[in-house]
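Derivation of every value follows stated rules applied to the coordinates shown; laboratory data play no part. Note that the structure is a prediction, hence the values are computed from the model and not measured. Neighbour counts run over all protein chains shown; Cβ positions are idealised from the backbone, glycine included.
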Amino acid sequence: MKSAGDFGVARLVNGLTVAIFLSLLLVLAVVAGQFRQAEVELVHANGYQMVDLSVLTRSVGVDGIWNALGRKVIVSSKNRFLILFVGSNRVALKGKVVRLSTSPSIVNGAMLVPVDFITKALNSIMDKKVSYEVVGDKVVIFDKRIGMTLPIAPGPPTYRENGQLQEDLIQERLATGATEAAVTNGSPLHFRDSALDVVVIDPGHGGRDAGDSGPTGLLEKEVTLKLAMRMKKLLERQMGIRVVLTRDADTDLSLERRTALANNEKADLFISLHASGSLNRDLRGFRAFVANVEASDERTAKVVTEENKVISTEPGNETQKPEEYATMLWDLSDNDYFRESLAVAKELLAACSKAGIDVASVEPGQGSFIVLIGASMPAVLLEVGYPSNPTDEQLLKQDAYLDKLARAVCRGIAQVKDQVAAKSREKR
C-alpha cells in the first residue's frame, strides 16, 4: 500500500511530465523551419494591440537585425526580407510597401509592432501562411492551414514597465563613440523655409573600403578625404557655414550611417564625394547626381551599381541585393527634396564648368544611390573624376588641382546660399 508521501511524489512526477510534454509541444512548433504555432505576450500601447518584435521573430523562427543609426529592423528568412522603421507605419517588402495600423515604437528597450504586422508583413517572408488570434493576454500565431491547435496556458504578463524584458534586437552599440550614439532622424528642412547654415560633407569610402584606384595606385578614399578637408576649410572661413564631415580619418562608415549623421546634424545640404573608376579608361570629368528611383541613363546606372555594391559587405546586409535594397529604401522615404537637390546639382556643375573644371555632363544624373536616399535635406553625390583615366588620375594627385576643385564646388554652394537667403527675404 502506497503512503501519502508516495502519492505526493506521483502527483509531482505526473505534473512535471505534463509540463515537460507541453513545453516540448511548444518547442516542436518551430523546428527546421516547420512552423506550426507560437505564442507571444500581448502589449497594449497607445490604444493599440502590439507585440515585442524580438520575441515574435524568435517564436516564428525568422531573423531580426537592428540598425541603431537608421532606427530600422531588417527581418529576414532565407533569401526573403522586409524592412521597417521606428516611427513609420510603412513596411517595405519586395516590390511593394504595406501600411500597418500604427507605427513601431521603442518602449523600455523593446521594439513593439502592431499585431497586424503578422498578417500584413511577416507572412511575406514565411514559408507558410500564418494567422493569429488574441487569447487573453497572449497573441497566438499559427499555420493558417492547420489552425490553432496547442493549448494556451494563462499566465502573468512577461512584459515589464521597468524594462526587465530587454529587447534582443536593440543590442548594437556604436563602436565610434558617444557622438554617433546620439544619432536620430532629423526633421525635414526645405531650402525655401530656411538659410543654408549647416553642410555635411561625406568623403566617400574609407577604412577597408578603398573605393576605386588608378593605374599608379591613387585611391578614391584618399582623394575624397583630401577634397572634403579643403571644402570644409573654405566654407567655414569664407562663408561662415558650419561644416560636419562624416569622417575625418581613414575609417569605415556604412552608407546609411553617413546619411543618418547628416540627418542628426539637421544639415541644410548633404554632399557625398566620390571618384569612381571605369573599365573604359577614356571616361573622365566631373559629374553630379541626385537620388531617384530609376537611373537616368546607362552610364549613371553603372555609377549607381558601383557606389551601392558596398552595402552587401556591411554587417546585417550580406544577403541583400543592392538594387532591391535601394528600391525598398526609396519606397519608404518621403523623397521631399528632389527639386532642391536637382537645383543644387546644377549650380555645382555650372560653377565647376565656369572654373575650368572638365565637366562630363551639364545635366545631373539621377539614380537610386543608397547614400542619398533618406536624407532629410537636399542631397547631391559628386563624382569628381575618374582615377581609371590617366589624365584624371594625374590631376587628382595634384594639391593645386584639388584646391581649384574645392574652390569651384564651394563657389557653387555660395550661389545656392545666396539664392536661399534671397527667397527667405522675399517671404518676410
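Convex hull volume of the Cα atoms of the stretch 40-133, normalised per residue: 95 Å³. Summarising the label geometry, the points placed 7 Å from Cα in the beta-carbon direction at LYS120 and ASN46 lie 1.3 nm from one another. Taking Lys and Arg as +1 and Asp and Glu as -1, the other residues whose beta-carbon sits under 12 Å from that of GLN415 total +2.
Candidate cross-link partners of LYS96 among the lysines, defined by an alpha-carbon separation under 21 Å and a same-chain spacing of 8 or more, comprise LYS72, LYS78, LYS120, LYS128, LYS129, LYS321. With R₀ fixed at 22 Å, the C-beta to C-beta distance from ASP358 to LYS233 puts the FRET efficiency at about 0.40. Listed by Cβ neighbour count within 10 Å, with the fewest neighbours leading, HIS44, HIS274 appear as HIS44, HIS274. Placing pseudo-labels 7 Å out from each Cα toward the beta carbon at ASP418 and ASN79 gives an inter-label distance of 5.5 nm.
Taking the number of other C-beta atoms within 10 Å as the exposure measure, put LEU269, LEU218, LEU349 in order starting with the fewest. List each step's numbers first, then the result.
Numbers: LEU269 28, LEU218 20, LEU349 25.
Listed from fewest to most nearby Cβ atoms, that is LEU218, LEU349, LEU269.
Once the Cβ-Cβ distance between VAL107 and VAL135 is put in as r, and R0 is 22 Å, what FRET efficiency do you end up with, to the nearest 0.05?
Values: r = 22 Å, r/R0 = 1.01.
Step by step, r from the Cβ atoms, then E = 0.50.
Extension gain for GLU294 to ASP127 (0.36 nm times residue separation, less C-alpha to C-alpha distance): 57.0 nm. Take the Cα of GLU323, go 7 Å toward its beta carbon, and the backbone nitrogen atoms of the stretch 78-120 under 15 Å from that spot belong to 95.
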